[in-house]
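Participant: Sending over a structure as structure tokens; questions will come in a sec.
The values are calculated or read from the model by the stated rules, or taken from the named source; none is laboratory data. If you're wondering where the values come from, they're calculated on a predicted model, not measured in any experiment. We place every Cβ from the backbone using ideal geometry, glycine too, and count neighbours over all the protein chains shown. Just so you know, the surface numbers come from the protein's heavy atoms only, side chains and all, with ligands and any DNA or RNA stripped out. Shrake-Rupley method; radii C 1.70, N 1.55, O 1.52, S 1.80 Å.
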Amino acid sequence: MAATIREIAEKTGVSITTISQILNGKGERFSDLTRAKVLKTAKEMSYKPNFFAKNMIVSHTNTIGMIVPEVTDPFFSQMVKGAEDYLNKEGYMIMLCNSSNDKAREDLYVEELLHRAVDGLIIASPNILLSGVIARMEEKRAPYILLDRQRNPRPEGNIAIDDFKGGFMATEHLINLGHTNIGIIISDTSFYNVHERYEGYLACMKKYNLVVEESWIVSGDQTMNAGYVATQKLLTESITAIFATNDLMAMGTYRAALEKGLNVPNDLSVIGFDDIELSEYMTPPLTTIRQPIYGIGEIAAELLLKNIQNPTEKLENRLLDISLINRSSTKSIDNK
């Protein structure tokens, strides 16, 4: 267990006030011998400062609040890791809250984190924040970054990808392989910018003069089970390929195809979106649109710390690159 200042005082015979000033970098008036003695003993006794107590003096806790919709989702776990790794290097800790896609819980967490005097917040939300919640953050002068897929209009501090372009790229990849009957699994448009990915799919099909049957468009939530159920419906249609608008749903597609006795990609081509870590280890490895999930968390942390250190400067916007990762789950329809 880490030592307290009182325990260091008992061991060194130096007063608590003197030790406190030395450990807080304000001990210039004390002799080199005293400072060396205190610092050496503090190190030997594994002393760590009490950040809560320090906050009463310097108004900083070196703690960042982060709220995500579902911490068990691999997408958000990678994002959290990106933010945490960056913040840890800068001497900050994350206080992580899981809203379980519950808007009321999300608003409560904002209040609780502000009450705990975090230095800033990173909020990944599918919801439009209440004006009262934003007002509370402004009132507390708490810098915040919204990873909300542009649900909350904001002129600065936006971290985004071109989801429309990604949806177009995924669809065009399948068309270039000779597929014309392409199903798509979407979800509530408040998640993952799915609406933009869907619009990209429609635009690409239109560009190549391909008809989209209404029955080729199936909706579910952003889970493996939703992908499984949606694929069961799609496999009653005359499709040869499926675009799942996130990788988790693509995993469900694999299972539904297997149960139907179909081989991916020989009988059914599948493409996902996100490139979560598991995608590379699926059988076969999943072709997908990669967005820099880890980088989103990392950049969010970077921009937030810049805002904490320079509160009057305008936050920059970042549009991050995406790319097609061509693995083994898609195949030319002419090469069966």
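Participant: Restricting the stretch 204-223 to residues that are out of contact with any helix residue (DSSP H, G or I) (no Cβ under 6 Å at 6 or more places or on another chain) and of a type in the set (Gly, Ala, Ser), which is surrounded by the fewest Cβ atoms within 10 Å (Cβ to Cβ)?
Facilitator: Ser215
Participant: Might you let me know whether the stretch 172-184 holds any residue that is small (Gly, Ala, Ser) and modelled with pLDDT of 95 or more?
Facilitator: Yes, because at least one residue in the stretch 172-184 is small (Gly, Ala, Ser) and modelled with pLDDT of 95 or more.
Participant: Let me ask something else. Is there a residue being touching a Gly at 6+ places or on another chain (Cβ under 7 Å), more than 18 Å from Gly166 (Cβ to Cβ) and surrounded by fewer than 23 Cβ atoms within 10 Å (Cβ to Cβ) anywhere in the stretch 264-287?
Facilitator: Scanning the stretch 264-287, I find no residue that is touching a Gly at 6+ places or on another chain (Cβ under 7 Å), more than 18 Å from Gly166 (Cβ to Cβ) and surrounded by fewer than 23 Cβ atoms within 10 Å (Cβ to Cβ), so the answer is no.
Participant: In addition: Go over the candidates Leu108, Leu96 one by one and state the one that is at pLDDT below 90 and surrounded by 13 or more Cβ atoms within 10 Å (Cβ to Cβ).
Facilitator: It is Leu108.
Participant: So for the stretch 319-326 (the condition being assigned to a helix (DSSP H, G or I) and either among the charged types (D, E, K, R) or out of contact with any Asp or Glu (no Cβ under 9 Å at 6 or more places or on another chain) (or both)), does at least one residue qualify?
Facilitator: No, the stretch 319-326 contains no residue that is assigned to a helix (DSSP H, G or I) and either among the charged types (D, E, K, R) or out of contact with any Asp or Glu (no Cβ under 9 Å at 6 or more places or on another chain) (or both).
Participant: If you go through the stretch 4-45, how many residues are surrounded by 14 or more Cβ atoms within 10 Å (Cβ to Cβ), of a type in the set (S, T, N, Q) and modelled with pLDDT of 85 or more?
Facilitator: Of the residues in the stretch 4-45, 4 are surrounded by 14 or more Cβ atoms within 10 Å (Cβ to Cβ), of a type in the set (S, T, N, Q) and modelled with pLDDT of 85 or more.
Participant: How many residues does the stretch 258-304 contain that are under 22 Å from Ser125 (Cβ atoms) and over 17 Å from the mean Cα position of the chain (by Cα)?
Facilitator: 0
Participant: Scanning the stretch 46-68 for residues that are modelled with pLDDT of 85 or more and either open to solvent by 10 Å² or more (accessible area, probe 1.4 Å) or in contact with a Phe, Trp or Tyr (Cβ under 7 Å, 6 or more places away or on another chain) (or both), which turns out nearest to Val110 (Cα to Cα)?
Facilitator: Checking each candidate, the answer is Ile67.
Participant: Also, I was wondering about something else. When you go through (1) touching a residue at least 40 places away in the same chain (Cβ under 8 Å); (2) hydrophobic (A, V, I, L, M, F, W, C); (3) open to solvent by less than 20 Å² (accessible area, probe 1.4 Å) one by one for Ile333, which number turns out not to apply?
Facilitator: (3)
Participant: Go through the residues of the stretch 315-325 one by one and say whether even a single one is farther than 25 Å from Lys81 by Cα, in contact with a helix residue (DSSP H, G or I) (Cβ under 9 Å, 6 or more places away or on another chain) and among the aliphatic types (A, V, I, L, M).
Facilitator: Quick first cut of the stretch 315-325, residues farther than 25 Å from Lys81 by Cα only: none.
Within the stretch 315-325, not a single residue is farther than 25 Å from Lys81 by Cα, in contact with a helix residue (DSSP H, G or I) (Cβ under 9 Å, 6 or more places away or on another chain) and among the aliphatic types (A, V, I, L, M).
Participant: Looking at Ala170, Ala226, which one is assigned to a helix (DSSP H, G or I), open to solvent by less than 30 Å² (accessible area, probe 1.4 Å) and touching a Phe, Trp or Tyr at 6+ places or on another chain (Cβ under 8 Å)?
Facilitator: Going through Ala170, Ala226 in turn, just one is assigned to a helix (DSSP H, G or I), open to solvent by less than 30 Å² (accessible area, probe 1.4 Å) and touching a Phe, Trp or Tyr at 6+ places or on another chain (Cβ under 8 Å): Ala170.
Participant: Please state which one of Val264, Val218, Val211 is outside any helix (DSSP H, G or I) and without any contact (Cβ under 8 Å) to a residue 24 or more places away in the chain.
Facilitator: Sole residue among the options that is outside any helix (DSSP H, G or I) and without any contact (Cβ under 8 Å) to a residue 24 or more places away in the chain: Val211.
Participant: Next question. State the number of residues belonging to the stretch 229-249 that are in contact with a helix residue (DSSP H, G or I) (Cβ under 6 Å, 6 or more places away or on another chain) and not in a loop (DSSP other than H, G, I, E, B).
Facilitator: Residues in the stretch 229-249 being in contact with a helix residue (DSSP H, G or I) (Cβ under 6 Å, 6 or more places away or on another chain) and not in a loop (DSSP other than H, G, I, E, B): 9 in total.
Participant: With the requirement that a residue be part of a loop (DSSP other than H, G, I, E, B) and exposed (fewer than 13 other Cβ atoms within 10 Å of the Cβ), what does the stretch 293-315 give you? Don't jump to the end; show me each part of the working.
Facilitator: Taking the stretch 293-315 and keeping what is part of a loop (DSSP other than H, G, I, E, B), we get 310-315.
Result: Asn310, Pro311, Thr312, Glu313, Lys314.
Participant: Does Glu199 satisfy being surrounded by fewer than 18 Cβ atoms within 10 Å (Cβ to Cβ) and touching a helix residue (DSSP H, G or I) at 6+ places or on another chain (Cβ under 7 Å)?
Facilitator: On the way: surrounded by fewer than 18 Cβ atoms within 10 Å (Cβ to Cβ): yes; touching a helix residue (DSSP H, G or I) at 6+ places or on another chain (Cβ under 7 Å): yes.
Yes.
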